[in-house]
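Here the structure is laid out as structure tokens; the discussion comes afterwards.
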Amino acid sequence: MATIPNKVESSSELIPPLDVILQWPTPNYDDPVTRSQAVLIVSCVLGAFMFLVVGARLWARAIIQRNAGLDDWIMLAAMIPTIALTITVCLATERYAFNRHIWDVLPTLYVSQRKVTFALYLLYIVAGSSIKISILLFYRRLDSRSITRTFRILTLLNIAGIALFTIAFVLVLFLSCDPMAAFWQRFDLETQIRGDYTFHCWVDEGADLLSASIISAVQDAIAAFLPTFLYWNLQIPRRQKVALGAIFALGYVVCVVAGVRSYYVWRTFDFRLYDSTWESWPAWLLCVIEIQLGAICASAPALKVFLSHYFRLAATRYGSRSGGAAGGTAGASSLRKGGYWWRSTGASRSLGIKGSREGYFAQEGSRSRMVVDEEGGIVLTEGKRGGGWSGGGVRTDSVENFGYR
């Protein structure tokens, strides 16, 4: 973003040589040409939708189903760097002049821009990696009858690869310059004029960021492609399978966004006029879209549980007040019968009066019963045992099993 004495070692391709600076147009600090406010608008709109989807996912898993897993807690933790990234990108474009040509940026902003860039690099890699790990852990919670040992091994290997990649990138980011402050301080004009600031930056920033972008895009592609190994073997109703396939297919949209973003990263570091602020603007826009869309795709499967639960409750209450319509009261009438429910989430079971768990009902049969989870779970076949009934369904780690006793 500014010239630097030749005697000082630096590997940043963002610092233009003097002959390039002489080709720059006359600076316009008062009324420069700027990009649109798309970054701010998209971040707010898509970010708000992301909060709703992720919030519904956590509510469905932790409150409705009471079976929140490690993937849910990692997604919750990922919201911290995701929120920070969204805010920082908006500040970068609206306050720190990432939305204009480099020659129209006040030199006093150079150091602040580099500090913001450092934060964006860190937040992007941490947020993106956390979301991908959450997605891969979710795959392991799918129907245990469809997950093979090979799939589990591939998932674990990818999780380990993402974790190692994240650690490596963070270490390189913090150790790329000696001292670390040289990452931004070498762009300070006063420091350059004095010529007494000694530092060494050994990492090619452009090559490092481009390779990290490509690796991240490949990881997105792997996370999106892995479900195809088990998708057709999932033992769920066809309608649910189609809906789940559509959600998995959204992952390929994230891959496309990541690929396009990598192209703009390349342009940022390989442009004849070193117009880093103007060229990096699309990359930061796509960065926010990629992260927020990834969180939405990772949380979308839980929306059925959330929506089914509250729409059914609303329908049931409305049907009770109006005297009983067919849709809402059918389930409610079955809940008024005598008996007990037991809930199993593995080895533990708890007893309660039937009707204390809303959203579940038993379909009568001559020798067996079907316990149906109306909130998005699986259908379990029940077999008769003695004077009561016991659950005969296959246990999974992703849904709660209910039996009638």
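The values are calculated or read from the model by the stated rules, or taken from the named source; none is laboratory data. Here the structure is a predicted model, which is why all the values come from computation and not from measurement. With ideal geometry, Cβ positions are generated from the backbone for all residues, glycine too; neighbour counts draw on all protein chains shown. To get the accessible areas, we keep the full protein, side chains included, count just its heavy atoms, and leave off ligands, DNA and RNA. Shrake-Rupley method; radii C 1.70, N 1.55, O 1.52, S 1.80 Å.
Some points to look at:
- Gain on full stretching of the segment that runs from ASP196 to LYS241 - 0.36 nm per residue minus C-alpha separation: 9.7 nm
- Taking all protein chains into account, the per residue accessible area for segment 18-317 stands at 47 Å² (1.4 Å probe).
- Measuring nothing but protein heavy atoms, the accessible surface of segment 18-317 at 1.4 Å probe radius is 69 percent carbon and sulfur.
- Over all other residues within a Cβ to Cβ distance under 15 Å of ASP30, the charged ones net out to -1, with Lys and Arg as +1 and Asp and Glu as -1.
- Restriction of the trypsin sites (Lys or Arg not before Pro) in segment 248-284 to DSSP coil positions whose beta-carbon has at most 15 other beta-carbons within 10 angstrom yields ARG272.
- Across segment 18-317, Cα pairs under 8 Å and at least six residues apart give a relative contact order of 29 percent.
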